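Written below as structure tokens is the structure these notes are about.
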Amino acid sequence: YYPKKCIINRMKTKVNNPMRTILIALLMTLATQARASSIENLWFVHPFGELRSYHGDWLAVCDKEETGNCRLVNYLLRPGDTFYGFDGVLTLGFFMENKKIKNYMGLNAPGIVHPYNSGVNLTFDNIDFHITAEEILSGGIYTSAKENSEVHLYDVYETFSILNEDLMLAIKNNMKKARWLNFNYRSGKVKFSLRGFSSAYSAVEKLRYSK
């Protein structure tokens, strides 16, 4: 038989084990958050060879070469996803033309037909913004260098882009002020957080376009 003291100690062990598991999980969560906070707003070299910087819900990405271009990205991750936003990816890209910063936007999301030839409604919190089909480009956009005025359009499914300079200026300014951005397009809609967008935009300007 077990002495009374031994029985009490065994009971304590059984009671304390669940608490220990919870404590370990809590400490691991706090450690992960601390690591994420420690690199927030700081540039680092990613294994892919790019410069990256986290800003709230946005990721700033730049080519490591000084002449390379940059983009801001927001991923809508499904439960368990850690890499790519299969529920939606919003990209705001940079390039220079005549020493002036310009932007383009690309949305990849489920339900976007290809080729896309319809209008799109954007809502910045409670402000509605309609873009006609004539201003929507079907497919994705890329530029080969930061001062390259040649903007290339390429075919890619479930993606449309916006390049018009006046529209992009209005979109960028509203993104800096709002908390949420909703896209309502033919056959679907998605919602992106704008937390950290202004910080990410400023970081790219300072790194690559302030000289």
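Bear in mind that the values in this text are calculations on the coordinates, not laboratory data. Computed from a predicted structure; not experimentally measured.
For each pair in Lys172/Lys206; Lys146/Lys172; Lys100/Lys189; Lys64/Lys99; Lys177/Lys206, compute the distance between the two Cα atoms and list the pairs where it is over 25 Å. Result: Lys100/Lys189 exceed 25 Å. Computed extension gain for Trp180 through Ile101, at 0.36 nm per residue and net of the alpha carbon distance, reaches 26.0 nm.
Which shape class applies to segment 43-118: rounded if a/c is under 1.5, otherwise prolate when a/b exceeds b/c and oblate if not, where a ≥ b ≥ c are the square roots of the Cα gyration tensor eigenvalues? Oblate, because a/c is 1.5 or more while a/b does not exceed b/c. With 0.36 nm allotted per residue and the present C-alpha distance subtracted, the Glu165-Glu147 stretch has 4.9 nm of extension available. For Lys191, a cut-off of 18 angstrom between C-alpha atoms picks up these aspartates and glutamates, skipping any fewer than 8 places away in its own chain: Asp57, Asp81, Asp87, Asp125, Asp128, Glu158. Computed extension length for His130-Ile39: 29.1 nm, one decimal, from 0.36 nm per residue of separation with the Cα-Cα distance subtracted.
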